[in-house]
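Please read the structure below before turning to the comments.
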Amino acid sequence: MRYVESVAGIDEALPAMQELASRIWAPTSRHHPGQLAWSARYALPADLDHGPVALFRDPAGPVVAWAWAEAPDWLELCVDPAHSEVAAEAARWFLGLGAKGPVRTMVLETEAHVLAGLAEEGFEVEEQPWFTHHSLDLGSLPPAADLPGYSFRAVAPGEAEDRAACHRAAWAPPGGSSRVSGAAYQRLMATPPYRPDLDWVAVDGAGAMVASCLVWLDDRTGVALVEPVGCHPDHRGRGLAAAVSLSALRAARDLGGRTGLVCPRGDDGYPGPQRLYQAMGFVPGPRTLTLRRDA
Ligand SMILES: CC(C)(COP(=O)(O)OP(=O)(O)OC[C@H]1O[C@@H](n2cnc3c(N)ncnc32)[C@H](O)[C@@H]1OP(=O)(O)O)[C@@H](O)C(=O)NCCC(=O)NCCS
């Protein structure tokens, strides 16, 4: 084995995972540093079932692949295309954790090297809802609409509780509760590349937060990821999600962002969000594939 493997918890491994995702970023890759921050920190560790991360290093250099047991039955995998042979090794590490029952992972259809490694280890494509990566040239960002009765602003560092409540109002299913708590949001706000000036909310006349858009700017690539967007059910259909997202993307552009990225569902099961983003000018690109391997 040519690669040096080390295993860590997600908190410890996250910076190295983000660094690899940023270093190998291309429109054909799945992982963005901001997505990883969101996935790692959107809820408190006790409310998540996150497992370990294996980092694979070329002895002569930096991390060239990682595998994360995001859940006991869910693998996230990132591999430098220049080291494609490590993909199967990384998948084997995850399988060695010994999950009971089938395990799954998600890959962008353009990540041929990751797909090849997974196929070697017995993963097969499974028909499941998918996500379509959409991009937008921030140089041609349309202006945000002026919506009477509402205003738009970035959040302040001390507003974790209100900001989390705004997210929950949009995402909690009737009778359910989102795991995005104030305490979790506070941790998220301390996780690079989070910055409050790219975390935007729409507020109503009484000053209550009713819609939100969090943008993660990767300075190295200039890619500004939108994740997530939400609008309170009582305020939907008025253009708030579009306007708050355009405001946040404008802030990202002013800070050096060049490309907007968002990854909504692409299948017919949940078409609203992709209509929202396409109405803003986002252009659809590659889609994700779910792969499954039985125990
Ligand atoms: C998706 C969501 C953010 C939309 O919020 P919103 O404030 O109602 O959206 P807007 O009013 O800004 O809509 C902007 C555009 O998207 C379209 N759109 C938004 N939601 C839609 C839906 N459910 N079905 C069809 N089109 C939709 C609108 O038609 C509008 O296009 P138009 O300007 O050409 O008419 C909101 O429904 C929500 O919070 N959902 C739950 C969380 C979620 O799914 N977030 C997105 C995940 S990527």
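The values are calculated or read from the model by the stated rules, or taken from the named source; none is laboratory data. Nothing here was measured: the structure is a model prediction, and the numbers come from that model. For neighbour counting, all protein chains shown are included, and Cβ atoms are generated from backbone atoms with ideal geometry for every residue, glycine included. The accessibility values were calculated without ligands, DNA or RNA, using every heavy atom of the protein model including side chains. Shrake-Rupley method; radii C 1.70, N 1.55, O 1.52, S 1.80 Å.
Collect the residues in segment 260-272 that are near the ligand (Cβ under 8 Å from one of its atoms) and assigned to a loop (DSSP other than H, G, I, E, B), keeping them in residue-number order.
Selection gives C263, P264, Y270, P271.
Report the residue count in segment 137-169 for those that are closer than 16 Å to M189 by Cα and not basic (K, R).
Qualifying residue count for the region: 13.
Using the structure shown, decide if G257 is surrounded by 19 or more Cβ atoms within 10 Å (Cβ to Cβ), away from the ligand (no atom under 11 Å from the Cβ), not hydrophobic (A, V, I, L, M, F, W, C) and not in a strand (DSSP E or B).
yes
Which of the following residues is surrounded by fewer than 21 Cβ atoms within 10 Å (Cβ to Cβ) and in contact with a Ser or Thr (Cβ under 8 Å, 6 or more places away or on another chain): R179, R220, R195?
When all the criteria are applied, what remains is R220.
Of the conditions (1) within 15 Å of the ligand (Cβ to nearest atom); (2) among the basic types (K, R); (3) closer than 22 Å to H32 by Cβ, R187 satisfies every one except a single condition; which number is it?
The failed condition is (1).
Any residue that is modelled with pLDDT of 95 or more, buried (at least 20 other Cβ atoms within 10 Å of the Cβ), part of a loop (DSSP other than H, G, I, E, B) and not basic (K, R) - is there at least one of those in segment 128-145?
Looking through segment 128-145, none of the residues is modelled with pLDDT of 95 or more, buried (at least 20 other Cβ atoms within 10 Å of the Cβ), part of a loop (DSSP other than H, G, I, E, B) and not basic (K, R).
Results for (1) touching a strand residue (DSSP E or B) at 6+ places or on another chain (Cβ under 7 Å); (2) part of a helix (DSSP H, G or I), shown as yes or no for each residue.
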position	(1), (2)
E5	yes, no
E12	no, yes
P15	no, yes
A26	no, no
Q35	yes, yes
W38	yes, yes
G51	yes, no
A54	yes, no
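Is it true that some residue in segment 282-293 is out of contact with any His (no Cβ under 6 Å at 6 or more places or on another chain), not assigned by TED's automatic domain parsing to the domain that holds P129 and not in a strand (DSSP E or B)?
no
For segment 212-231, how many residues are without any contact (Cβ under 8 Å) to a residue 60 or more places away in the chain and either under 17 Å from G272 (Cβ atoms) or near the ligand (Cβ under 9 Å from one of its atoms) (or both)?
4
Residues of segment 64-80 being over 21 Å from A99 (Cα atoms) and either among the aromatic types (F, W, Y) or open to solvent by 10 Å² or more (accessible area, probe 1.4 Å) (or both), which ones?
Correct list: D80 only.
R275 fails exactly one of the following numbered conditions: (1) within 14 Å of the ligand (Cβ to nearest atom); (2) assigned to a strand (DSSP E or B). What is the number of that condition?
Of everything listed in (1) within 14 Å of the ligand (Cβ to nearest atom); (2) assigned to a strand (DSSP E or B), R275 misses just condition (2).
Applying the selection to segment 168-194, what residues are of a type outside the set (S, T, N, Q), part of a loop (DSSP other than H, G, I, E, B) and without any contact (Cβ under 8 Å) to a residue 40 or more places away in the chain?
Result: A172, P173, P174, G175, G176, A190.
Do we find that D234 is surrounded by fewer than 18 Cβ atoms within 10 Å (Cβ to Cβ) and within 11 Å of the ligand (Cβ to nearest atom) in this structure?
Here the answer is yes, as D234 does meet what is asked.
Can you pull out every residue in segment 146-161 that is in a loop (DSSP other than H, G, I, E, B) and loosely packed, with under 15 Cβ neighbours inside 10 Å?
D146, P148, G149, A156, P157, G158
Starting from residues that are within 15 Å of A248 (Cβ to Cβ) and aliphatic (A, V, I, L, M), keep the ones in segment 198-209 and report whichever is surrounded by the most Cβ atoms within 10 Å (Cβ to Cβ).
The selected residue is A202.
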